[in-house]
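A.B. asks: Before we start, here is the structure in question, set down as structure tokens.
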Amino acid sequence: MSDPRTVLSELDGRVMDRRRFLAFSAALTGTAMYAQLRGDLAHAMPRAAGYPFRLGVASGDPTPNGVSLWTRLAPEPLVADGGMQASDVAVRWQVAGDEAFGNVVQSGRVAAVPELAHSVHVDVTGLRPGRRYFYRFIAGGEASPVGTTMTAPAAGARVSDLRFAFASCQKWDDGFYSPYRRMAEEDLALVIHLGDYIYEYGIGSGGVRNASLPPEFAPECVTLERYRLQHALYKTDTDLQEVHRLFPWAVTWDDHEVANDYSGIFPEFADTSPEFLARRAVAYRAYFEHMPVPTSASPKRDQVRLYRRLRYGDLAEFSVLDTRQFRTDNPCGDGEQPPCDAGYDPAATMTGATQERWLLNGLERSRARWNVIAQGVMMGQLKHDADGGRFWQDAWDGWPGQRARILQGIVDAGVSNPVVITGDWHSTFVHDLKVDFDDPDSPTVATEFVGTSVSSNGDFEVYGPYYGPMVPFNPNIKFFDGDRRGYVLCTLDEEQWRTDLRMVTTVSTPDAPAYTFASFVVEDGRPGAQQV
Ligand code: FE
Ligand code: CA
């Protein structure tokens, strides 16, 4: 089957022939296809609707010859329909080599349709590797802000260095996005978001942002309309918008894009139900509508293909995982629980069998020097008491059997420099990853950096006093901090990986300074981080 990305890039209303249309229809079902089919029928947006690009622009998933572009037309982001009429709108897009768009290298037209909240996803191809590009959208006589992005280096090309940042957990009402204001000052090839991009909870007025929101924001997200409102609210933050405008992102999700600590089709404490399945489906749809993901991530039969690979020549390969959608229910129960035999049942899985095979097969084939596994929840072990009587079941400690199988698979495949990057815990952890964490002689086979939250927990709550005392009886933990907000900066070359923990002094103001709280290196060929 032809790659839907190739087809979509040419959907400017002229070039889609019948064969390609059929391939495209087979690849994309439902509303995403609908958006493309109606491209020619879409109307110009009436000017009176207001400036349509108030949620900004974004790019994502760079390849050597392309990148995915995103925007959503929403002149009034905090109302249910974004201030749009329930009709299709024609949107033009342009990619240029220069900021003045004198040298437009790719362009097209696409329909923004109400079924997808007038969001726009374009998988651009035909670009050159390792290049910086400018892009914009035009609708209703208005032009969007000009975004900048960067394609990946040519496949297998020798790449001497790479700088990227990763972040997670950005509860809007817990704090301003001062970490993003500082991230915007970096020079980055890529930003990776590891989940909890939104939180599903209701938001009242007041709080650290002194918010004054419509009453529709008070209840928790359950319906499509409510999830859309939440995404739109988050995207109105200008610091978040700016980091999207400046750099391509690669995103994956954790639990709060749907509901706290859900596992696959199972809500946190209950059995699955038609209500939960419906909730998950609309949450996934709203996520797709608001993220700069490729059209291959559009929901199909209420599922989303989010796990995927990004490659940076011979230097780095990123396996971006989905550690939520395909989980079996927590084998040993929810929250903090003792370990149990079911955690070693081969059928208990955090990724699903298909994704596990995809991960290990890909790692085995990879020729990259650094093999990054970007995923949601902490892989390293954290005993909550000295005798290992309790573990946090929502993270990999709840799936110890599959964790050992994956780490053993990495050893067996001789994977070059495996490094896991993680979100979720609102804390920093640096781990030596081991096939058998309980055997002190078990070798370190991979390195894990768990990044803290952008804003979740704000300035008020601290995890240090709770988890800090556990560190001494967890020798695989090389570093821990539970009390700071920020992002993680990673600089790679052929000899070493460097991690800088970039922390802000506060999230009670959007303009807080950042500082490097600690730095680590991983040397080529030697798993495990050393603090420098
Ligand atoms: Fe979180
Ligand atoms: Ca989480």
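FYI, it's all coordinate maths here, none of it is from the lab. Model, not experiment: these values are computed from the prediction. Cβ coordinates were reconstructed from backbone atoms using ideal geometry, including for glycine residues, and neighbour counts include every protein chain displayed.
A.B. asks: Provide Rg and Dmax in Å for the chain, with only Cα atoms included in the calculation.
C.D. replies: 22.2, 69
A.B. asks: Determine the distance separating the Cα centre of region 128-189 from the Cα centre of region 415-434; give it in Å without decimals.
C.D. replies: Region 128-189 and region 415-434 have Cα centres spaced 23 Å from each other.
A.B. asks: At 0.36 nm per residue, and after removing the present C-alpha to C-alpha distance, how many nm does the segment from R309 to A353 gain when stretched out fully?
C.D. replies: 14.1 nm
A.B. asks: I'd like the FRET efficiency for R128 and T509, computed as 1/(1 + (r/R0)^6) with the beta carbon distance as r and R0 of 41 Å, rounded to 0.05.
C.D. replies: The computed FRET efficiency comes out at 0.50.
A.B. asks: Apply 1/(1 + (r/R0)^6) to the Cβ-Cβ distance of R92 and D438, taking R0 = 60 Å, and write down the FRET efficiency to the nearest 0.05.
C.D. replies: The computed FRET efficiency comes out at 0.55.
A.B. asks: What is the projected area of the convex hull of the Cα atoms of region 175-321, averaged over all directions, in nm²?
C.D. replies: Averaged projected hull area, Cα only: 9.9 nm².
A.B. asks: Express in nm, to one decimal, how much length is gained between E225 and S160 on full extension, taking 0.36 nm for each residue of separation and deducting their alpha carbon distance.
C.D. replies: 18.8 nm
A.B. asks: How large is the convex hull of the C-alpha atoms of region 433-530 per residue, in Å³?
C.D. replies: 102 Å³
A.B. asks: Can you list the lysines whose alpha carbon is less than 29 Å from that of K300, not counting same-chain residues fewer than 8 positions off?
C.D. replies: K171, K235
A.B. asks: Provide the net charge surrounding L188, with neighbours chosen by a C-beta distance below 13 Å and charges set as Lys +1, Arg +1, Asp -1, Glu -1.
C.D. replies: The answer is -1.
A.B. asks: Could you tell me which residue out of T252, S455, S144 lies farthest along the dipole of the chain toward its positive end? Charges go on the beta carbon: Lys and Arg +1, Asp and Glu -1, centred on the Cα centre.
C.D. replies: Checking the options against the dipole of the chain, the answer is S144.
A.B. asks: Can you figure out the FRET efficiency of E76 with R498, using R₀ = 41 Å and their beta-carbon distance, to the nearest 0.05?
C.D. replies: Efficiency, rounded to the nearest 0.05: 0.40.
A.B. asks: Sticking with this structure for a sec: Can you show me the helix-derived [θ] at 222 nm for the chain, built from DSSP H runs with n ≥ 4 at -39,500 (n - 2.57) apiece and divided by the number of residues, rounded to the nearest 500.
C.D. replies: -5500 deg cm²/dmol
A.B. asks: Can you give me the Cα centroid spacing of region 464-528 and region 330-376 in angstrom?
C.D. replies: 24 Å
A.B. asks: Something else now. Which lysines have a Cα less than 24 Å from the Cα of K434, not counting those fewer than 8 places away in the same chain?
C.D. replies: Those lysines meeting the cut-off are K383, K478.
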